[in-house]
Structures are given as structure tokens and as C-alpha cells.
Amino acid sequence: QVPLVESGGGLVQPGGSLTLSCEGSGSNFRSVFSAFDVGWFRQVPGERRELIAQITRDSAAKYGENMKGRFTISRNNLEKRVSLQMNSLKPEDTATYFCGAGVNEKFDYWGQGTQVTVSS
């Protein structure tokens with residue numbers, strides 16, 4: 001059973017916006033999802049996984065280098081969902097986007113990723 005599920009990826013034109021969602025999979029994981037810190041990452045094949053933003057169980061957010069501004073992370077514990085709002089997208093934003101969850105900002109659980117392609 002995959003603990004996390006990402007959704008919302010797809011094809012978007014340069015300058016466009018996209019919202020990604022991360023949710024717990026299964027009733028057991030969903031029941032504890034609100035207790036986890038959650039991070040959004042992206043990865044291009046052959047390159048290291050890059051942190052976009054992370055948010056604690058208490059909704060304290062931190063952003064990766066040069067990420068704050070175009071990317072906004074938020075969580076809705078009632079809906080058990082962590083979202084990543086992406087604006088002014090560029091072709092270089094094309095990547096597979098992952099969410100990870102864990103305690104103390106250690107992300108032990110991952111989804112399978114959702115593909116984001118920015119192209120005309």
C-alpha cells in the first residue's frame with residue numbers, strides 16, 4: 001500500500017498555474033496524516049531530489065532556495081491534504097513532483113509522484 005498519493009500534475013503552458021495535492025492513502029494513514037510534517041519535492045531523472053517547500057504539523061512553512069514567491073505550500077487538516085500552489089510556471093519547472101511525510105522533518109514516507117510538464 002502506497003502511503004501517500006500525489007495528484008494535480010499535467011501539462012501547463014509557460015506562465016500558467018497548477019495546484020498539486022498530497023493525501024494519505026488508506027484509512028489508517030489518513031488518521032495520522034495530520035501529525036506528520038510534509039514536504040514537496042521535485043526531481044529530474046539523473047539529478048538529486050530538490051526541496052520545494054515543507055510544512056510542519058503546526059503549519060509552519062519553509063521554502064527551498066529561490067522557491068518562495070512562485071510556490072506556496074499549505075495544509076488543510078480537516079481534509080487531510082497538503083497542497084502546493086505553483087504560479088508563473090517555466091519550462092525548467094518540468095519534473096516529477098513528490099510529497100514526503102514523517103516526523104521531525106524526516107520524510108520516511110513517499111508517494112509515487114505526479115508529472116508536471118511546462119511547455120507550449
Please report Rg (one decimal) and Dmax (integer) in Å for the Cα set of segment 30-100.
12.5, 37
So, with points 7 Å from each Cα along the Cβ direction, the Ser119-Arg49 label distance in nm works out to 2.5 nm
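Probe radius 1.4 Å, ligands and nucleic acids left out: which of Arg57, Arg81 has the largest accessible area, and how do the rest follow? Kindly include the intermediate steps, with their values, before the conclusion.
Working: Arg57 130, Arg81 65 Å².
Final ranking, largest accessible area leading: Arg57, Arg81.
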Through the Karplus equation 6.51 cos²θ - 1.76 cosθ + 1.60, θ set to phi - 60°, convert the phi angles of segment 79-86 into ³J(HN,Hα) values in whole Hz; use x for Gly and Pro.
8, 6, 9, 10, 10, 10, 8, 10
Using only the heavy atoms of the protein chains and a 1.4 Å probe, how would Lys62, Lys106 rank by accessible area, largest first?
Lys106, Lys62
Computed ³J(HN,Hα) along segment 96-106: with the Karplus parameters 6.51/-1.76/1.60, θ = phi - 60°, integer Hz and x for glycine or proline, the list is 8, 9, 10, 10, x, 9, x, 9, 6, 6, 9
Radius, Kirkwood style, for segment 6-69 when every pair of distinct Cα atoms is counted (Å)
13.8 Å
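Residue separation times 0.36 nm, minus the C-alpha to C-alpha distance between Gln112 and Ser88: what's the value?
On the way: separation 24, 0.36 × 24 = 8.64 nm, distance 2.48 nm.
Here the segment from Gln112 to Ser88 would lengthen by 6.2 nm.
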Under 12 Å from Lys62, Cα to Cα: aspartates and glutamates that are on another chain or at least 8 residues apart
Asp37, Glu105
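Carbon and sulfur together cover what percent of the accessible area of the chain at a 1.4 Å probe radius? Working shown, then result.
Working: 2920 of 6410 Å².
Percent of accessible area from carbon and sulfur atoms in the chain: 46.
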Once the whole set of protein chains is in place, how much accessible area is left on Thr19, using a 1.4 Å probe, in Å² to the nearest 10?
60 Å²
Across segment 29-34, in residue order, what do the Karplus-derived ³J(HN,Hα) couplings come to in whole Hz, using 6.51 cos²θ - 1.76 cosθ + 1.60 with θ = phi - 60° and x for Gly and Pro?
5, 4, 5, 10, 4, 5
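The values are calculated or read from the model by the stated rules, or taken from the named source; none is laboratory data. Note that this is a predicted model, so its numbers are computed, not measured. Ideal geometry is used to build each Cβ from the backbone, glycine not excepted, and the neighbour counts take in all protein chains shown. The area values use the complete protein model at the heavy-atom level, side chains included, leaving out ligands, DNA and RNA. Shrake-Rupley method; radii C 1.70, N 1.55, O 1.52, S 1.80 Å.
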